[in-house]
Amino acid sequence: MDKKRIYILATGGTIAGSAASETATTGYRAGAIGIEELLQAVPELQDFAEVQGEQIAAIDSKDMTTDVWLRLAERCEELLAKDDMDGIVITHGTDTMEETGYFLQLTVHSDKPVVLTGAMRPATAVSADGPMNLLQAVRVAACGEARGKGVLVVMNGTIESAREAVKTHTTSLDTFASPEMGSLGTVQDGEPVFYRQPLRRHTRESQFSVQGLAKLPRAAILYAHADDDGFLVKAAVENGAKGIVYAGMGNGSIPARVEKELAEAARKDVIVVRSTRSAAGRVTKAEASYEENGFIASDTLNPQKARVLLQLALLRTTDKDEIRKFYSIY
Ligand code: SIN
């Protein structure tokens, strides 16, 4: 059988990181190694697919920008439209992988697999995890079962949906998980095995398009804490935020003083989404006043993913009911 054709888009991160010594696993330079060197380090890739690569960026993913997101979405759409292209693997820093993954889940309109992977140890470290993660990501992208399952995150032998994937640990190799829903599958001895599929709308069915765009509407995330008086709400609005995600307590609870400020922002047509600083769980309607103020519950999206959906929603509408519906569909 012909080998599948898989294209790698490299953006940097620890998988391309270089440290001063083989034992250093922190304090290294992310994104220092180019795609050609990464591919040469894993010759086994070519046993499972015809693999070529391209450098889109060479950054530490803490510095991820809208500009890189837009370039990635455009390049994925271009490549996947070709009959002779079967899937894409994106190498990416782990710090913002979950946001990039969810952004692409909503903006790349194809059934073909798009898989993000990275590493927790730099490429120069003893027992670097990057080569195995890259090999597993290519195996997943090249397997028929990954088709139609949306954008995936493959790290350390697990397959997560980009909607649910969260970086849960600062340094552990086993950092990605889907806290509320569980992984879609695993990669065992190089063999991808799926157990579930995402039901929320994604990729080919997504209503969102970023084609031809140069920027996205500004949206802020504000993080709840004891004695929060909401002074940052004003700062966000004054600095042009069209949307605010409030990472509230528990079930998206908002301290009374902050609620007053957010209600004022909502009256100025800023869209307010309630998410949570808790590690798992769904944010529901909760207090009647939240509904009266027009706040929208983020469902199971964490603040950083809720912000991605809010930015895309704001491209289409400022109608609160329509945006509320998006949070129940995507
Ligand atoms: C980054 O996100 O670029 C650095 C950290 C990592 O890749 O693990």
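The values are calculated or read from the model by the stated rules, or taken from the named source; none is laboratory data. The structure displayed is predicted, hence computed values, not measured ones. No Cβ is skipped: glycine too gets one built from the backbone with ideal geometry, and neighbour counts run over all protein chains shown.
Please enumerate the residues belonging to region 115-139 that are in a helix (DSSP H, G or I), polar (S, T, N, Q) and within 11 Å of the ligand (Cβ to nearest atom). Break it down stepwise before answering.
Taking region 115-139 first, the residues in a helix (DSSP H, G or I) are 130-139.
Filter again for polar (S, T, N, Q), leaving 133, 136.
Selection gives N133 alone.
Has region 233-256 got any residue that is out of contact with any strand residue (DSSP E or B) (no Cβ under 7 Å at 6 or more places or on another chain), in a strand (DSSP E or B) and without any contact (Cβ under 8 Å) to a residue 40 or more places away in the chain? Within region 233-256, one or more residues are out of contact with any strand residue (DSSP E or B) (no Cβ under 7 Å at 6 or more places or on another chain), in a strand (DSSP E or B) and without any contact (Cβ under 8 Å) to a residue 40 or more places away in the chain. T11 fails exactly one of the following numbered conditions: (1) part of a helix (DSSP H, G or I); (2) surrounded by 21 or more Cβ atoms within 10 Å (Cβ to Cβ); (3) polar (S, T, N, Q). What is the number of that condition? The single condition T11 does not satisfy is (1). Evaluation of E77 against the conditions (1) within 20 Å of the chain's Cα centre (by Cα); (2) modelled with pLDDT under 95 shows that the sole unmet condition is (2).
Considered as a group, the residues in region 62-72 that are part of a helix (DSSP H, G or I) and surrounded by fewer than 23 Cβ atoms within 10 Å (Cβ to Cβ) include one that is nearest to the ligand (Cβ to nearest atom), and that residue is K62. For region 193-207, filtered to residues that are touching a strand residue (DSSP E or B) at 6+ places or on another chain (Cβ under 6 Å) and outside any loop (DSSP other than H, G, I, E, B), the residue that is nearest to S110 (Cα to Cα) is F194. Restricting region 178-192 to residues that are assigned to a strand (DSSP E or B) and buried (at least 21 other Cβ atoms within 10 Å of the Cβ), the residue that is nearest to the chain's Cα centre (by Cα) is G185. Considering region 12-27, the residues that are more than 9 Å from the ligand (Cβ to nearest atom) and in contact with a strand residue (DSSP E or B) (Cβ under 8 Å, 6 or more places away or on another chain) include one that is nearest to A123 (Cα to Cα), namely S18. Number of residues in region 73-109 that are surrounded by 20 or more Cβ atoms within 10 Å (Cβ to Cβ), more than 11 Å from the ligand (Cβ to nearest atom) and not in a helix (DSSP H, G or I): the value is 6. Only one of the listed residues (E50, E54) is more than 21 Å from the chain's Cα centre (by Cα) and part of a strand (DSSP E or B). That residue is E50.
Could you tell me whether region 35-42 includes any residue that is assigned to a strand (DSSP E or B), within 16 Å of the ligand (Cβ to nearest atom) and either of a type in the set (V, I, T) or crowded, with 16+ Cβ neighbours inside 10 Å (or both)?
The first filter runs over region 35-42 and keeps only residues assigned to a strand (DSSP E or B), leaving none.
No; the residues of region 35-42 include none that is assigned to a strand (DSSP E or B), within 16 Å of the ligand (Cβ to nearest atom) and either of a type in the set (V, I, T) or crowded, with 16+ Cβ neighbours inside 10 Å (or both).
Whenever a residue of region 9-26 is on the phi > 0 side of the Ramachandran plot, its partners that are of a type outside the set (A, V, I, L, M) and not in a loop (DSSP other than H, G, I, E, B), lying with C-beta atoms within less than 9 angstrom and at least six residues away or across chains, give the pairs G12/Q55; G12/S61; G12/D63; G12/T91; G13/S61; G13/T91; G13/G130.
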